[in-house]
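The values are calculated or read from the model by the stated rules, or taken from the named source; none is laboratory data. Small disclaimer: the values here were computed from a predicted structure and weren't measured. Cβ placement follows ideal geometry from the backbone for every residue including glycine, while neighbour counts extend to all protein chains displayed.
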Amino acid sequence: MLLADIVSTWSDLLKQPILTAEHCNGKNRIAATTEALRQAAHQFAKALNDRAKLLANSAQFDAALRDAVAIVAILPGSGLGYLCMGDVYCEQGRYAAAISIYDQGLVEVPESDLYYQHLQQRRKAAIVNNNKRVDFISRLPLDIVVTNIRRRMKPTYYDSNVLYEPFYVSRTWQERLLKSRNGLWFRFVQEDNTLKDGHAQLVRFAPYVRTLNGTMTDARLDELFSRENFSRLDNFHLECDRSTPRRPLINGLEMIARSLTHLSISECHSIQLRDILESCPNLVSLSTDEVDCVMSSSSSTRYPNMRHLALYDASETPPTHDDMVDVISRFPSLVSFEITPMPESSLLPILHEHCPYLQRLYYGTRSNGFFAHAFENHPIRKGITSAVLGGDEIYVQDHVIQFLHLHRQTLESFHLLGQMVKSYDALWELSDGRVQRRNRQRQDESLNTDNDSSLSATSFQRLVNICFLELHPSLAVPFMKWIILNAPNLTTISLPESRFLPDIASAMIQLKHLSTLEIISVFGGLDNDNNGIRQFLEYHIDIGNRSLLEHVIVHMEAIEMSKATWIPLFAQLQNLKNLELLADIITHRCKEMLEELGRGCHALEKLTLGMDGADMVEGIIKPLRQIRNLKDIRMGGATAFDSDLVILASFPRLEHLFLQCMVPDNMRAMLHRHIPKVEIKCNV
């Protein structure tokens with residue numbers, strides 16, 4: 001029954017009945033009885049009101065509202081019930097609902113009612129309270145707002161056309177949020193063929209924008225930047241296409257050049273490297289993708305502010321030696337340099353002449369962390385610390401040897417991912433871990449041969465991380481031995497299974513600090529093909545606790561894990577704490593291997609089994625339960641079997657489980673009950 005129906009029923013009960021006939025003195029007696037009912041109703045309503053207040057004070061709001069509704073039903077012409085109901089809503093903080101009830105009461109109740117003025121007063125108070133906002137942000141120190149509140153607010157960046165509500169709570173909120181020293185991060189996407197219109201939020205807050213991501217095609221960039229002053233914009237990422245007009249793009253860059261320090265621009269085929277540099281001469285960091293690497297032939301302008309430069313897909317064919325010299329000579333302060341495709345390797349020995357402060361080099365390949373690196377602080381010092389040599393072209397061994405020698409005192413990480421050849425007139429020969437002069441008649445300006453004895457005794461004292469990938473077998477052993485035997489502080493080595501030869505193993509055995517081994521491209525050859533791996537592992541097994549080897553990674557793409565017959569040897573490594581078996585296929589034939597691991601691996605705390613989407617059979621988890629110290633398990637199988645999940649939940653010390661597959665809700669709940677941290681990522 002609706003409130004109106006209840007009110008109507010009670011209201012009729014308290015009215016004087018209309019008599020069509022009278023018996024004796026019935027009229028007076030009926031009037032007296034009705035009056036008694038009215039008095040009783042008032043007493044009852046008063047009792048309900050008292051109880052409603054007590055219930056509301058005890059946070060029993062539903063029960064209090066029920067009593068208030070009853071009062072309105074009993075005394076519809078009185079303001080008591082409306083007053084009681086509105087007060088309960090106010091107690092809850094629901095001021096808008098209270099105002100609605102007070103308004104209803106003021107309509108239904110006559111002005112002569114005892115509670116009419118109370119309704120008016122409570123309504124005013126509710127309106128005041130309803131208009132109040134918790135303005136805590138204006139009372140907090142600015143550094144708290146900027147460092148704690150602002151960076152936790154979502155989203156991290158704002159769409160150019162989407163209103164962000166926290167900016168419009170109050171003027172104080174807006175002022176505080178805009179004072180963030182990191183400024184605002186906006187993104188825009190061209191929707192029409194013009195940037196003259198739209199993007200209202202971006203334009204409104206333009207003076208506070210420090211980072212801007214944009215995607216555009218045939219629009220004019222200068223139309224956007226002419227609408228407002230982007231005076232603080234220092235980080236701009238722009239994606240274009242072949243239809244983007246050249247002159248408006250250059251004009252747009254010139255409009256923000258005064259503040260712009262970090263620029264990333266891709267697929268802008270209408271401009272060249274020289275256009276960008278001439279438009280934005282103050283850049284500290286520049287990343288280009290599919291932008292022609294062409295400098296001005298009429299000018300030799302240098303850009304001393306540039307510290308981080310990445311030129312990806314800079315040309316369809318590898319740039320020549322002279323062209324690259326012309327480019328790098330413009331940037332005397334470079335700290336990091338990345339370029340694809342790979343230029344001639346003859347550039348490597350002379351990089352330091354033009355970029356003496358270069359520390360990080362990706363040659364013929366690109367990194368995943370260029371932008372993060374560009375915002376870090378780097379000490380000004382000479383000598384490369386990290387070098388990755390990749391690409392599809394061929395490296396000349398003499399060039400690489402000279403490059404490594406030049407940076408021997410600073411080099412900490414070296415990855416050779418490309419192919420290398422020894423020229424027929426090679427100047428240097430590698431033998432037994434030393435460099436020897438081979439052809440004393442040859443003169444090569446790219447090689448510094450003034451100090452042969454120094455070169456032959458090259459030592460890499462700071463080198464801790466090396467990786468080799470595609471070296472030809474004839475060069476692999478002497479080159480790898482030269483580096484390994486002269487880098488006594490190596491801690492990490494990555495190499496293919498096919499290059500893990502006995503001579504290499506013998507050199508690696510001499511390393512006293514090796515803690516991480518990564519075996520790449522395992523193909524599972526015959527046992528006599530992996531004698532080097534077995535020799536190395538058996539040595540570390542023999543020295544027991546003196547072995548520092550604690551992290552092993554094995555990549556087994558497109559082969560069954562059982563093909564790597566040397567994996568069971570890991571069970572006997574006494575200090576192995578982290579084992580990653582990144583296999584594509586794990587079948588029942590792997591169970592015996594896993595059982596051996598389960599019986600050993602006494603120090604193992606972290607295990608990764610399978611790659612993302614790996615084909616894994618049921619029942620392979622059970623043998624691993626014997627590893628008592630396992631705290632972290634990561635599984636990459638495409639399917640998770642319920643029986644295996646139940647076993648995972650029973651691992652005694654497991655603290656973290658990461659799965660890359662679909663898991664039913666009931667099994668998820670079971671895992672969460674038994675394991676403190678469960679992460680499930682499914683790429684379906």
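Just a few scattered comments:
- Scanning segment 62-89 for residues that are of a type in the set (A, V, I, L, M, F, W, C), under 21 Å from A125 (Cβ atoms) and either buried (at least 21 other Cβ atoms within 10 Å of the Cβ) or touching a strand residue (DSSP E or B) at 6+ places or on another chain (Cβ under 9 Å) (or both) returns A64, A68, I71, V72, L80, L83, C84, M85, V88.
- Among the candidates S346, S333, the residue that is part of a loop (DSSP other than H, G, I, E, B), surrounded by fewer than 21 Cβ atoms within 10 Å (Cβ to Cβ) and at pLDDT 90 or above is uniquely S333.
- Filter pass, P356 being free of Cβ contacts under 8 Å to residues at least 60 places away in the same chain and under 23 Å from I250 (Cα atoms): no
- Flag for A310 being surrounded by 22 or more Cβ atoms within 10 Å (Cβ to Cβ) and modelled with pLDDT under 95: no
- Considering the conditions (1) on the phi < 0 side of the Ramachandran plot; (2) in a loop (DSSP other than H, G, I, E, B), G198 is excluded by exactly one of them, (1).
- For segment 618-639, the set of residues classified as acidic (D, E) and surrounded by 15 or more Cβ atoms within 10 Å (Cβ to Cβ) consists of D632 only.
- The lone exception for L389 - which of (1) under 29 Å from the mean Cα position of the chain (by Cα); (2) surrounded by fewer than 22 Cβ atoms within 10 Å (Cβ to Cβ) it fails: (2)
- Considering F370, F414, F375, the condition of being aromatic (F, W, Y), out of contact with any helix residue (DSSP H, G or I) (no Cβ under 6 Å at 6 or more places or on another chain), closer than 22 Å to S287 by Cα and surrounded by 17 or more Cβ atoms within 10 Å (Cβ to Cβ) is satisfied by F370 alone.
- Test: residue in segment 193-202 that is free of Cβ contacts under 8 Å to residues at least 24 places away in the same chain and either farther than 23 Å from P166 by Cβ or buried (at least 22 other Cβ atoms within 10 Å of the Cβ) (or both): yes
- Per the listing K681, K606, the residue uniquely basic (K, R), under 23 Å from the mean Cα position of the chain (by Cα) and closer than 24 Å to E497 by Cβ is K606.
- Filtered residue count, segment 274-306, keeping only those that are charged (D, E, K, R), assigned to a loop (DSSP other than H, G, I, E, B) and under 16 Å from F370 (Cβ atoms): 1
- If the condition is being of a type in the set (D, E), part of a loop (DSSP other than H, G, I, E, B) and more than 20 Å from Y362 (Cβ to Cβ), then segment 391-432 contributes D425, D432.
Listed here are the residues, each with its yes/no results for (1) at negative phi; (2) surrounded by 16 or more Cβ atoms within 10 Å (Cβ to Cβ); (3) in contact with a strand residue (DSSP E or B) (Cβ under 8 Å, 6 or more places away or on another chain).
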| residue | (1), (2), (3) |
| --- | --- |
| R589 | yes, no, yes |
| R599 | yes, no, no |
| L604 | yes, yes, yes |
| T608 | yes, yes, yes |
| M616 | yes, yes, yes |
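- Matching residues, segment 368-390, being assigned to a loop (DSSP other than H, G, I, E, B) and touching a strand residue (DSSP E or B) at 6+ places or on another chain (Cβ under 6 Å): I384, G390
- Note on segment 609-640: among residues that are without any contact (Cβ under 8 Å) to a residue 60 or more places away in the chain and among the charged types (D, E, K, R), the one that is nearest to I585 (Cα to Cα) is D615.
- Test: L263 is touching a strand residue (DSSP E or B) at 6+ places or on another chain (Cβ under 9 Å) and in a helix (DSSP H, G or I): no
- Number of the condition not met by S521 [criteria: (1) more than 28 Å from D615 (Cβ to Cβ); (2) among the small types (G, A, S); (3) surrounded by fewer than 19 Cβ atoms within 10 Å (Cβ to Cβ)]: (1)
- Members of segment 464-510 that are among the polar types (S, T, N, Q) and modelled with pLDDT of 95 or more: N465, N486, N489, T491, T492, S494, S506, Q510
- Of all the listed residues (A21, A59, A36), the sole one being at pLDDT 70 or above, exposed (fewer than 15 other Cβ atoms within 10 Å of the Cβ) and not in a helix (DSSP H, G or I) is A59.
Yes/no per residue for (1) within 26 Å of Y95 (Cβ to Cβ); (2) within 27 Å of the chain's Cα centre (by Cα); (3) among the hydrophobic types (A, V, I, L, M, F, W, C); (4) modelled with pLDDT under 70:
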site	(1), (2), (3), (4)
E111	yes, no, no, no
H118	yes, no, no, no
F167	yes, yes, yes, no
S170	yes, no, no, yes
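- For segment 552-562, residues that are modelled with pLDDT of 95 or more and surrounded by fewer than 18 Cβ atoms within 10 Å (Cβ to Cβ) total 1.
- Residues satisfying the stated conditions in segment 293-305, i.e. surrounded by fewer than 18 Cβ atoms within 10 Å (Cβ to Cβ) and of a type outside the set (A, V, I, L, M): S296, S297, S298, S299, S300, T301, R302, P304, N305
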